[in-house]
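Taking it in order: structure first as C-alpha cells, then the write-up.
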Amino acid sequence: MIKYLKRSEIDIEKYNNCVEKSFNSRVFAFSWYLDIVADNWDVLVLNDYEAVMPLPWREKYFIKYVYCPFWVIELGIYSFKNNVELDSFLQKVFENFKYSNLRMNADNVFNKFSENRHKKQLQYIDLEKGYNNIFKAYSRNRKRDLKKANDFNLVAEWNTRNSDLVNLFKNNVGVRVKDVKDKDYNRLLKLLNECVARNVGELLSIFDENGNLIASSFFLKHKNKVTELVCSTDFKNRNNGANTFFNDEAIKKYSKEFKIFNFGGSSMKNISNYYKSFGAETENYCELNYNNLPKLIKYFKK
C-alpha cells in the first residue's frame with residue numbers, strides 16, 4: 001500500500017534508511033538535502049518504507065504542484081528491491097497534484113503513462129577503466145585544452161571557499177539563467193557547506209598564475225559514484241583550457257576510489273557533445289510532466 005505522508009509525518013530514520021540502502025540510492029533524496037533545497041516536500045511511502053518517492057512542492061494560485069528544485073539532478077523512486085511496481089507511484093502523484101514536473105532517476109523503469117514521461121540524458125565515465133585508458137579516449141580538443149592549461153600555468157586547489165564558487169556562478173552562469181534567485185544562491189551555499197561537513201562533497205578551484213579564480217566545480221560523493229553538481233568558469237577568461245582542466249583533475253583523482261563519474265548530464269546537444277568528448281557514455285532517464293490544471297491557468301509558469 002502506498003501512503004502519502006506530509007514532511008511532518010515522515011519517520012525520518014526509516015526514510016533515510018530506505019534511501020541509503022536502496023539499490024538506486026542517490027544523495028539528492030536524503031531528508032537533509034531536500035530540507036535545504038526544497039520549498040516544501042512530502043513523500044509517497046510503500047508499506048513500511050520499502051520504497052519512497054520524495055515530492056518537492058510549491059503552491060501558486062492556491063494550487064499545489066510538484067517541481068524539481070535547483071541543485072537537484074535526479075529524484076524519483078527509491079526502493080530496496082528493483083522489482084517494485086513503479087507505475088502506481090505515478091498514479092498517486094497524479095491523484096494528489098494537478099501539475100507535476102520532476103526528474104526521475106535512471107534506474108526507474110515504467111510501463112505506463114508514456115505520454116507523461118519525457119526522455120532526458122546524462123553523461124558518465126566508467127572510472128574502473130583507469131585514468132590512463134580514460135585519457136586515451138579524450139578528443140583532440142580536450143587534449144589540446146589540457147596543453148593550453150599547462151601553457152597558462154593553471155593551478156588546481158581542492159577545498160577552498162564554497163562561497164567563491166557561488167559568486168563565480170552567480171556572476172557568470174547566473175547572468176544567463178534568470179530564474180535563479182538570491183534565495184537559490186543562499187540555499188546553494190548552505191548545501192555546499194553541509195555536504196562538506198558530512199564528507200559527501202568537495203570543491204575544486206582553478207587559479208591562473210596570478211592567483212585569480214577562473215573556474216570552480218563542486219562534486220558530490222555517494223556510494224561508488226561522483227557527480228558534478230555545479231560548476232562555472234569566468235566567462236571573461238575562458239581561452240585557457242580551464243573547464244577541461246578541472247574535469248580532468250577530478251577524473252584523475254576520483255578514478256582511484258570510485259566507479260562512476262557523472263557529469264551531471266545534459267540533453268542539450270552542445271553540452272552533451274562536450275561531455276562525450278571526454279569519452280563519456282550516455283544514460284537515459286525520464287522527466288515526469290503532468291498538467292491537469294483548470295483551462296484558465298493550464299499553461300501557467302512556475
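The values are calculated or read from the model by the stated rules, or taken from the named source; none is laboratory data. All of these numbers come straight from a predicted model, not from anything done at the bench. Neighbour counts run over all protein chains shown; Cβ positions are idealised from the backbone, glycine included. The area values use the complete protein model at the heavy-atom level, side chains included, leaving out ligands, DNA and RNA. Shrake-Rupley method; radii C 1.70, N 1.55, O 1.52, S 1.80 Å.
Odds and ends about this structure:
- Selection from region 38-63 of residues that are at pLDDT below 95 and either assigned to a strand (DSSP E or B) or farther than 18 Å from residue 100 by Cβ (or both): 59, 60, 63
- Within region 282-302, tally of residues that are open to solvent by 60 Å² or more (accessible area, probe 1.4 Å), at pLDDT below 85 and part of a loop (DSSP other than H, G, I, E, B): 4
- Residue 66, sole failed condition from (1) over 28 Å from residue 166 (Cα atoms); (2) of a type outside the set (Lys, Arg); (3) over 15 Å from the mean Cα position of the chain (by Cα): (1)
- Per-region count, region 42-63, residues under 18 Å from the mean Cα position of the chain (by Cα) and buried (at least 22 other Cβ atoms within 10 Å of the Cβ): 3
- Residue count, region 132-159 (criterion: closer than 15 Å to residue 206 by Cα and surrounded by 15 or more Cβ atoms within 10 Å (Cβ to Cβ)): 7
- Test: residue in region 232-245 that is modelled with pLDDT of 95 or more, over 17 Å from residue 157 (Cα atoms), open to solvent by less than 30 Å² (accessible area, probe 1.4 Å) and not β-branched (Val, Ile, Thr): no
- The set of residues in region 252-281 that are surrounded by 22 or more Cβ atoms within 10 Å (Cβ to Cβ) and part of a helix (DSSP H, G or I) contains only 275.
- Residue satisfying condition, being among the hydrophobic types (A, V, I, L, M, F, W, C), surrounded by fewer than 18 Cβ atoms within 10 Å (Cβ to Cβ) and under 29 Å from residue 1 (Cβ atoms), within set 93, 66, 72, 109: 109
- Some residue of region 236-251 being more than 27 Å from residue 130 (Cα to Cα), in a strand (DSSP E or B) and not acidic (Asp, Glu): no
- Filter pass, residue 28 being surrounded by 17 or more Cβ atoms within 10 Å (Cβ to Cβ), of a type in the set (Phe, Trp, Tyr) and at pLDDT 95 or above: yes
- Residue pairs whose Cβ atoms lie under 9 Å apart, separated by 6 or more positions or on different chains, with the first residue in region 46-60 and touching a residue at least 60 places away in the same chain (Cβ under 8 Å) and under 20 Å from residue 74 (Cβ atoms) and the second of a type in the set (Asp, Glu) and open to solvent by 10 Å² or more (accessible area, probe 1.4 Å), are 58/39.
- Taking region 3-24 as the range and being closer than 23 Å to residue 197 by Cβ, under 20 Å from the mean Cα position of the chain (by Cα) and open to solvent by 20 Å² or more (accessible area, probe 1.4 Å) as the test, the residues that pass are 16, 20, 21.
- Any hit, region 116-135, residues being among the β-branched types (Val, Ile, Thr), modelled with pLDDT of 95 or more and within 30 Å of residue 244 (Cα to Cα): yes
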